[in-house]
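Below: one structure, written as structure tokens.
The values are calculated or read from the model by the stated rules, or taken from the named source; none is laboratory data. This one's a predicted model, so the numbers in the text were calculated from it and none came from an experiment. A quick note on method: Cβ atoms are made from the backbone with ideal geometry, for glycine too, and the neighbour counts reach across all protein chains shown.
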Amino acid sequence: MTQNQVFGYADRLHINPGQTINFHVSSEGDEHFSASLVRIVNGCVDGESNTYQEIPILSDFEGEYTGRQKAVYAGSYAEIDLANSFANADAHTVQLHIYPTKLRGGGQQTIVCLEGKDGQTIEIGFEDARLSARLNSLQGQTKLTLTEPLTEERWHLLALSWSTEQGPATFRSWCLENRFHQPTRMKYCEDTQECHALNLGDDVSVYLAATVAEPDRNGQTIVRDCFDGKIDALRIAREFLSKDNVIAAADFAPNQSIQASLSGIFNFSTSTTVSFYNELSHEQKGTFVNLPLLGVRGVRWDGSVHNFDGATDHYSAVYFHSDDLYDCGWSRDFSFEIPDDLKSGYYATKIANGEGETDYIPFFVSPRASAKKRAPIALWLPTMTYLAYSNDRMADNSEKYGFDVAGWNDQIEPDMEGYAKLLAHPEFGSSIYDYHEDGCGRHFSSWLRPIVNMRPKSSLWGMTADTLIISWLEHFGFDYDIITDHMVHEEGAELLNKYATVISGNHPEYVSSEILDAVSTYTNDLGGRFIYMGGNGYYWVTGVDSNYPAAVEVRRGVGGSGAWFSYPGEHYLQSTGQLGGLWRHVGRPPQEIFGVGTRGMGFPGSIGFTRNPEWDDPRAEFLTKGITEECLGDYGIMGNGAAGEEIDAVDYELGTPTHALVIASSQNHPRGMMIAREDLRFVIPDEWVHSQVRADITFFETASGGAVLSLSSMTWCGSLSHNNFNNGISQLTENAVRRFSKPEPFRLPSI
Ligand SMILES: [Fe+2]
């Protein structure tokens, strides 16, 4: 892959007519590129499902563009504008706690950088675990170095003191070996050097965790030498603090006599997710860039508290990563105002350079909120889950996961061409299934960057798998609108209630509490009809921060199946304040709303469903009519069966309505289909355990005349098109959609 590539992203994932979407493109080698609009009917190019279909749509942005190659400057950092903090004093001290998390691999990392007048700067950082402070005055540079190397994953206290006139400067460090109650300060070392006069002036810009340089040729701020690790308790003093006073100033709330010498106290627990204040002068504000992690254990965390809310002294740290990325910040290349007559659907802007390299930038068009005319059916695409998996590099993480992901991928047939592009661009970041370079799990994923696997023609997973539902709807001529997780999150049950029937995507795994509330209200209170056409749904507590609307946040807690666990004390989401982990473990199991919840996962091939006695229940007649298959769905393009990959089952203890009918279940999955670990109480081989691994086709009515049908498998949609859509899976789905779209209320059985 030596050719120039072209990549892009849009500033929106869903949009209504009348609104404008902006496109940001990087064309390698500054090559010209063309742009055009397509609507995606079937995004799948795998194997026998090679029925990819995109429909060209004439748009006003179609044409040729001058390309620019644009860079991605990943890495979170903080920026503080300090006015008057350095005025009227003969000497100063800047000090902070750091917790480095990636010393291996070498490289320069900047901890704090002060930029004053006339190019005078102070930089504290390290290379190969060796700390240094560089004081750049008008007369030249003085470098102080510490002999004691940093220790990875230990807190250190650092302090640099200097004089504004010529005189000594002292750089100190302590390693805090014991984090409980009374930290043991060990490995103290210092360096003192005679330094030129250094007067930063009245206005000083402070950068934490990165060196921020002049903008590049595209006007993007260059960020380099990013720090991996936590910073806590930044203090700025108007004095040359003694050793004892440095320690006293590092307290969460320094005593009065120390406070008198301080001009800046920054405890990051008192910050919002975008900014923080000098506690001594609320006019001085700092800003976070690229979404660092908050709600993390600070230097004073002692294991006695687990929620950052109300425990500011324990959670006064911020965690920066050199590969954090919220927004690439690329300049806009072109825009598109959605015309009133553009049908709701899955669209993509196709960009192509002269070498035949292409990219697709997806977005979803939905009717405007005030639209009178709507389709009777909404296909709800799980955009939060799309983001969770965005740019996943799972195949690279087999060792960390402890299993061979490539083996699992045999069923999914990964898009290796897309994966090669991803490997060539580490700066595009990865998914919530991956790790930062220091080994910390990734908590955020944003759409303001190229996402190589959130594209038509990518692996048969997520967005691409969901196009199998789109193509099924179109085959039968059903009139449908597209809606998304983010729309339901914002508009709630009111949006769902505009539709007679709502159909989920095949893998709605990541959802917010607003989404659970919306479905529950729609089906239980408003008579709505809901078809859950997937598996492993409504599983992880997911948050969206209104300050970062393009990102989702996940804290995995210590359960579920999802690549990493949260660190102790870090289970609460900074975006919402909610306890993270599985919805099941925080008291909102999906079984309550959908009748089913995750029961198993595995990729050894899929199977069909076996009828249960409830198949013949008159309440299910509308679903089963016309179906002759004894084994339902033992075919399909996702592992040759309608039950597979990730599957759900009823659990009455967890809230499945007692009147739910389980009309068919998948039985005897191959051994590679494993029980969900939250269902496993002992780690022992057991036939009973294996017998519980099944998908349950589950139907129930609600008291408001609504109904829920859960098909409980990710591979259901892979069977829809079998035999030119003439099959039992398609028939059952069609039966459900036709009845669900009729106004006659469902009635609760007399039980
Ligand atoms: Fe999943």
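The table below gives the values:
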{"quantity": "Residue count for the range 500-515, restricted to those that are touching a His at 6+ places or on another chain (Cβ under 9 Å), part of a loop (DSSP other than H, G, I, E, B) and within 16 Å of the ligand (Cβ to nearest atom)", "calculated": "0"}
{"quantity": "Matching residues, the range 570-603, being more than 16 Å from the ligand (Cβ to nearest atom) and of a type in the set (A, V, I, L, M)", "calculated": "573, 579, 586, 593"}
{"quantity": "Every residue from the range 145-173 that is within 12 Å of residue 126 (Cβ to Cβ), in a strand (DSSP E or B) and either in contact with a helix residue (DSSP H, G or I) (Cβ under 8 Å, 6 or more places away or on another chain) or aliphatic (A, V, I, L, M) (or both)", "calculated": "158"}
{"quantity": "Single condition residue 168 does not satisfy, out of (1) within 16 Å of residue 137 (Cα to Cα); (2) modelled with pLDDT under 95", "calculated": "(2)"}
{"quantity": "Unique residue being assigned to a strand (DSSP E or B), closer than 16 Å to residue 192 by Cα and modelled with pLDDT of 95 or more when the list is 92, 97", "calculated": "92"}
{"quantity": "Some residue of the range 208-225 being farther than 30 Å from residue 26 by Cα and within 35 Å of the chain's Cα centre (by Cα)", "calculated": "no"}
{"quantity": "Neighbours by Cβ (under 7 Å, 6+ apart or cross-chain): first from the range 148-167, in contact (Cβ under 8 Å) with a residue 24 or more places away in the chain; second outside any strand (DSSP E or B) and among the hydroxyl-bearing types (Ser, Thr, Tyr)", "calculated": "152/101; 153/101"}
{"quantity": "Test for residue 523: is it on the phi < 0 side of the Ramachandran plot, buried (at least 24 other Cβ atoms within 10 Å of the Cβ) and away from the ligand (no atom under 16 Å from the Cβ)", "calculated": "yes"}
{"quantity": "Test set (1) over 28 Å from the mean Cα position of the chain (by Cα); (2) more than 16 Å from the ligand (Cβ to nearest atom) - residue 606 fails condition number", "calculated": "(2)"}
{"quantity": "Verdict on residue 683 being part of a strand (DSSP E or B) and either surrounded by fewer than 24 Cβ atoms within 10 Å (Cβ to Cβ) or aliphatic (A, V, I, L, M) (or both)", "calculated": "no"}
{"quantity": "Evaluation of residue 462 against (1) within 16 Å of the ligand (Cβ to nearest atom); (2) at pLDDT 95 or above (one fails), failing number", "calculated": "(2)"}
{"quantity": "Residues that are part of a loop (DSSP other than H, G, I, E, B) and β-branched (Val, Ile, Thr), drawn from the range 251-275", "calculated": "272, 273, 274"}
{"quantity": "Residues satisfying the stated conditions in the range 271-319, i.e. more than 25 Å from the chain's Cα centre (by Cα) and among the hydrophobic types (A, V, I, L, M, F, W, C)", "calculated": "280, 299, 301, 305, 311"}
{"quantity": "Filter result (under 26 Å from residue 33 (Cα atoms) and more than 26 Å from the chain's Cα centre (by Cα)) within the range 337-376", "calculated": "337, 338, 339, 342, 352, 353, 354, 355, 356, 357"}
{"quantity": "Only listed residue being within 16 Å of the ligand (Cβ to nearest atom) and within 24 Å of the chain's Cα centre (by Cα), chosen from 534, 492", "calculated": "534"}
{"quantity": "Cross-chain or 6+ apart pairs with Cβ under 7 Å, the range 717-729 first and closer than 15 Å to residue 623 by Cα, then in a loop (DSSP other than H, G, I, E, B) and of a type in the set (A, V, I, L, M, F, W, C)", "calculated": "728/627; 729/642; 729/720"}
{"quantity": "Members of the range 10-56 that are assigned to a loop (DSSP other than H, G, I, E, B), under 22 Å from residue 332 (Cα atoms) and over 26 Å from the mean Cα position of the chain (by Cα)", "calculated": "17, 18, 31, 32"}
{"quantity": "Count - residues of the range 651-678 that are out of contact with any Gly (no Cβ under 8 Å at 6 or more places or on another chain) and either within 19 Å of residue 594 (Cα to Cα) or surrounded by fewer than 15 Cβ atoms within 10 Å (Cβ to Cβ) (or both)", "calculated": "12"}
{"quantity": "Sole residue being among the hydroxyl-bearing types (Ser, Thr, Tyr), more than 31 Å from the chain's Cα centre (by Cα) and within 30 Å of residue 253 (Cβ to Cβ), chosen from 59, 85, 76", "calculated": "85"}
{"quantity": "Residues satisfying the stated conditions in the range 704-740, i.e. touching a helix residue (DSSP H, G or I) at 6+ places or on another chain (Cβ under 7 Å), closer than 18 Å to residue 660 by Cα and of a type in the set (A, V, I, L, M)", "calculated": "707, 708, 709, 732, 736"}
{"quantity": "Test: residue in the range 191-214 that is farther than 28 Å from residue 74 by Cα and free of Cβ contacts under 8 Å to residues at least 40 places away in the same chain", "calculated": "no"}
{"quantity": "Matching option when the condition is at pLDDT 95 or above, acidic (Asp, Glu) and more than 30 Å from residue 458 (Cβ to Cβ), among 62, 123", "calculated": "123"}
{"quantity": "Residue within the range 540-562 that is part of a loop (DSSP other than H, G, I, E, B), more than 15 Å from the ligand (Cβ to nearest atom) and either more than 23 Å from the chain's Cα centre (by Cα) or farther than 18 Å from residue 432 by Cα (or both) present", "calculated": "yes"}
{"quantity": "Subset of the range 590-623 [among the aromatic types (Phe, Trp, Tyr) and more than 26 Å from residue 748 (Cβ to Cβ)]", "calculated": "603"}
{"quantity": "Residues of the range 276-300 classified as of a type outside the set (Asp, Glu) and part of a loop (DSSP other than H, G, I, E, B), total", "calculated": "8"}
{"quantity": "Test: residue in the range 474-483 that is of a type in the set (A, V, I, L, M, F, W, C), at pLDDT 95 or above and not assigned by TED's automatic domain parsing to the domain that holds residue 565", "calculated": "no"}
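Yes or no, residue by residue, for (1) without any contact (Cβ under 8 Å) to a residue 12 or more places away in the chain; (2) in contact with a strand residue (DSSP E or B) (Cβ under 9 Å, 6 or more places away or on another chain); (3) assigned to a helix (DSSP H, G or I); (4) surrounded by 22 or more Cβ atoms within 10 Å (Cβ to Cβ):
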residue	(1), (2), (3), (4)
427	no, no, yes, no
432	no, yes, no, yes
439	no, no, no, no
451	no, yes, no, yes
456	no, yes, no, yes
460	no, no, no, yes
